[in-house]
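Heads up, the thing below is written out as structure tokens.
Quick note: the coordinates plus some simple rules give every number you see, no bench work behind them. Predicted model, so just to flag it, every value in this text is computed and none were measured. Quick reminder, even Gly has a Cβ in these numbers, built from the backbone with ideal geometry, and neighbours come from all protein chains shown.
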Amino acid sequence: MKYFIVADVHGFYNEMIEALEKEGFDKTNPNHTFVSLGDLLDRGEQPKECLKFVNSLERKILIVGNHELLMDEMAERGYPRDYDFKNGTLNTARILTNTKPDEICSNMKDNELYQTYRKECKFYHEVGDHIFVHGWIPCIYAGKYSITPVAYKKDWRDAPLVEWIDSTWINGMLAWAAKIREPGKTIWCGHWHTSYGHANLHNYGVEFPHEKGEEAHFSPFIDEGIVAMDACTAYSKKVNCKVIEI
């Protein structure tokens, strides 16, 4: 089976399809499985197209990201908060529901496109020597109210829901640098733009010294035990796609 892995599409459907087609993805091929590492929506203007595409797939692995959780929270409370404007969550709900402003949030609870997608999402998936997550695996943090990763948590697979929710916000490259890794496995993650790893964790000298701006490098960050995939699509206008065969 070939796994076509993307992350943090954030509603940029055209860019996602371009990346998949470049790698030869064929939804009708029984040997092809689509993998999303979370944050499929928000920021971009094509959430409907993204959802229709993903919902049409027979073979898929969908990881829940912090933006899916933000959408769930907004829908449950029935009104937006300041960060829902900034993160693009409210705009995504507006596009998907096409309803009156005071009904947008509550109507997301019954939005068929989104809820069909959301029911398929999980916090992690493990296949062969590969683990798919959004931020990172649950781990031990710097303090009670911190998500700064400091140590490996042996029983992370059995972590309670609250720890899995926290894990969607972790900078996986920072966790990897702290040597929080699963022995013998490669963890695939999104959430944090890969330019962070290229600028701060690899010694590329003058080649990739910038985390932000025109000289930032958004290709996958790959090292022993990690593949980080977030291309900061809203800025770079590209989606990373990698293929593995198991």
Determine the sum of side-chain charges near residue 152: Lys and Arg each +1, Asp and Glu each -1, restricted to other residues whose C-beta is under 9 angstrom from that of residue 152. +3
Just how many % of Cα pairs in region 131-170 lie over 12 Å apart, if you round to the nearest whole percent? 53 percent
Net charge over other residues, Cβ less than 15 angstrom from the Cβ of residue 181 (K, R count +1; D, E count -1): 0
Output the 0 to 90 degree angle, nearest 10, between the alpha-carbon long axis of helix 47-56 and the longest principal axis computed from the alpha carbons of the chain. 80 degrees
Region 2-245: antiparallel bridges as % of DSSP beta bridges, rounded to 5, reads 45 percent
Tell me the net charge near residue 40. Cut-off is 15 Å between Cβ atoms, residue 40 excluded, with +1 for each Lys or Arg and -1 for each Asp or Glu. -3
The chain - mean residue ellipticity at 222 nm from DSSP helices (-39,500 (n - 2.57) per run, n ≥ 4, rounded to 500): -8500 deg cm²/dmol
What list do you get for 33, 194 if you sort them by fewest beta carbons within 10 Å? 33, 194
Using only Cα atoms, locate the centre of region 85-121 and the centre of region 12-38, then give the distance between them in Å, rounded to an integer. 24 Å
In units of 2.2 N^0.38 Å, the Cα radius of gyration of region 92-235 is 1.21
Burial ordering of 54, 243, 9, 162, fewest other beta-carbon atoms within 10 Å first: 162, 243, 54, 9
Final fewest-first order of 28, 186, 89 on the 10 Å Cβ neighbour count is 28, 186, 89
For the chain, longest principal axis from Cα atoms; helix 13-22 axis from its Cα atoms; angle between them, nearest 10 degrees, is 50 degrees
Using unit Cβ charges (K, R positive; D, E negative) and no other charged atoms, how large, in debye to the nearest 20, is the dipole of region 2-245 about its Cα centre? 260 debye
For the pairs 48/119; 212/237; 100/237, flag any whose C-alpha to C-alpha distance is greater than 22 Å. 100/237
